[in-house]
Amino acid sequence: MTKFETAQLANGLQLVVHQDINTPLAAVCVTYKVGTRDEELHRTGFAHLFEHLMFGGSKNAPNFDDEIQQAGGENNAFTNQDFTVYYQTLPLTNIETALWLEADRMADLRLNKKSLSTQQKVVVEEFKETCLNEPYGDVWHHLSPLVYTQHPYKIPTIGLTFEHIEQASLDDVKRFFQRFYRPNNAVLSIVGNINLATALPLVEKWFGDIPAGENLDKNYPQEPPLVEPRHLRVKSNAPVNAIFISFLASPRTALGYYADDLLSDILAEGEAARLYQHLVKEQQIFTEIDAYTTENVDAGLFVIEAKLADNQTFEAAEAAIWKELEVLKSEKLSAHEWQKLQNRVEHDLVFEEISINNKAINLGFYAALGDIEQINKEADLYKQISPEFLQNYAQQLFNPQSAATLWYEKGE
């Protein structure tokens, strides 16, 4: 059970505090409710660009990293299709350094032609290295639009094309910043030996004068169910053939999300899982295989991906995966397999409580999701999934008529 206290500043900033008396450290996390789903199709990659720009200095702190390091801390950030998250860990005695730095870049991020040009070059180079020059690096540029025709999840986190970043003007990025990096579009979560009564005055001191931004429309076009199979074959610079079979998964707040998670474990959690045992080890159809969900706020993807052995055709490989899915849909789980699932869930939930960084990130996530109480409902929600429910869910999810399949052919 994660205990927490909450408050909201007059400018809309949400504050969540979890007191942990067992650590001299504090984790400070700011979750901005902005990701690629908030981008325009002709201006993509901006959320990821800002993950870099936010470390480029602000009005009173020319170098964010130096200030954190001098306070005995470390920091990092990540972006996905829903949120952008910045987090630091440092001694509790220096917590105001983290609050000052986060508030300063929220209020007065240094956005000028020089800082923009510097980060544009970094992000464009990252795009080229990870998407264009890395084997399978452009998979999401093929797979996402194959599934999504309406929802902005069709945009990969890094953006549709590096030209969108190259061509971004200073006015473009300033408008994006003013629209989304406002206190009323953010959650500040703090974990350490501090309570709300102590934290709130500090947060008010540093964040209270930052003006709120506009009220944002967060109604995204929802993706309709796939009613017929979709198929795409591409050829690129890859060492071996690969296959990706994807399905629309459940939104993060739906009970089906927990079924998706359990099904991915049954299929591919470790070398004892079904797909590895049957298709890699026994039949040697694949050299690697995995199954996972993208865990989006709205309906994400359930993906099965695999690298084909040299002597296998795409047709035979796809048929082998579907054979395993049909078995999963038709046969009840054994008591042993079900118990393994329960043990894994219990282990993962306990592990999430160990790191103060994880706690801060999770509290920020659930608050941004709109139901912070869900952080303490996870175990019960998993328990609502029975073997019968899971089998029925699998029968609906793994429908050949609602599959989007990508054949990724190796280059010459």
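The values are calculated or read from the model by the stated rules, or taken from the named source; none is laboratory data. Only a predicted model underlies this, so the values are computations on that prediction, with no experimental measurement involved. All Cβ positions, even for glycine, are placed from backbone atoms using ideal geometry, and neighbour counts span all protein chains on display.
What the table below lists for this structure:
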| quantity | calculated |
| --- | --- |
| Condition met for residue 22 (under 26 Å from the mean Cα position of the chain (by Cα) and outside any helix (DSSP H, G or I)) | no |
| Residue 174 being among the basic types (Lys, Arg), under 17 Å from residue 108 (Cβ atoms) and either assigned to a strand (DSSP E or B) or more than 26 Å from the chain's Cα centre (by Cα) (or both) | no |
| Search result, residues across region 306-320 that are out of contact with any Leu (no Cβ under 9 Å at 6 or more places or on another chain) and outside any helix (DSSP H, G or I) | 307, 308, 309, 310, 311, 312, 313 |
| For residue 273: the one exception among (1) farther than 20 Å from residue 323 by Cα; (2) modelled with pLDDT under 95 | (1) |
| Hey, residue 332 exposed (fewer than 13 other Cβ atoms within 10 Å of the Cβ), among the basic types (Lys, Arg) and either assigned by TED's automatic domain parsing to the domain that holds residue 151 or modelled with pLDDT under 95 (or both) or not | yes |
| Every residue from region 280-305 that is more than 27 Å from residue 382 (Cβ to Cβ) and crowded, with 22+ Cβ neighbours inside 10 Å | 286 |
| Count - residues of region 204-263 that are assigned by TED's automatic domain parsing to the domain that holds residue 405 and polar (S, T, N, Q) | 6 |
| Yes/no for residue 46 being buried (at least 19 other Cβ atoms within 10 Å of the Cβ) and under 19 Å from the mean Cα position of the chain (by Cα) | yes |
| Residue 291 vs. criteria under 25 Å from residue 386 (Cβ atoms) and assigned to a strand (DSSP E or B) | yes |
| Considering residues of region 229-267 that are at pLDDT 95 or above and polar (S, T, N, Q) only, the residue surrounded by the most Cβ atoms within 10 Å (Cβ to Cβ) | 246 |
| Those residues of region 25-55 which are of a type outside the set (A, V, I, L, M, F, W, C), in contact with a strand residue (DSSP E or B) (Cβ under 6 Å, 6 or more places away or on another chain) and assigned to a loop (DSSP other than H, G, I, E, B), in sequence order | none |
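This table checks each residue for (1) in the same structural domain as residue 394 (by TED's automatic domain parsing); (2) closer than 20 Å to residue 402 by Cα; (3) touching a residue at least 60 places away in the same chain (Cβ under 8 Å).
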position: 268; (1), (2), (3): yes, no, no
position: 290; (1), (2), (3): yes, yes, no
position: 311; (1), (2), (3): yes, no, no
position: 317; (1), (2), (3): yes, yes, yes
position: 328; (1), (2), (3): yes, yes, yes
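Every residue, every condition in (1) farther than 20 Å from residue 159 by Cβ; (2) within 20 Å of the chain's Cα centre (by Cα); (3) in the same structural domain as residue 203 (by TED's automatic domain parsing); (4) not basic (Lys, Arg), yes or no:
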| position | (1), (2), (3), (4) |
| --- | --- |
| 97 | yes, no, yes, yes |
| 103 | yes, no, yes, yes |
| 108 | yes, no, yes, yes |
| 111 | no, no, yes, yes |
| 115 | no, no, yes, yes |
| 122 | no, no, yes, yes |
| 145 | no, yes, yes, yes |
| 148 | no, yes, yes, yes |
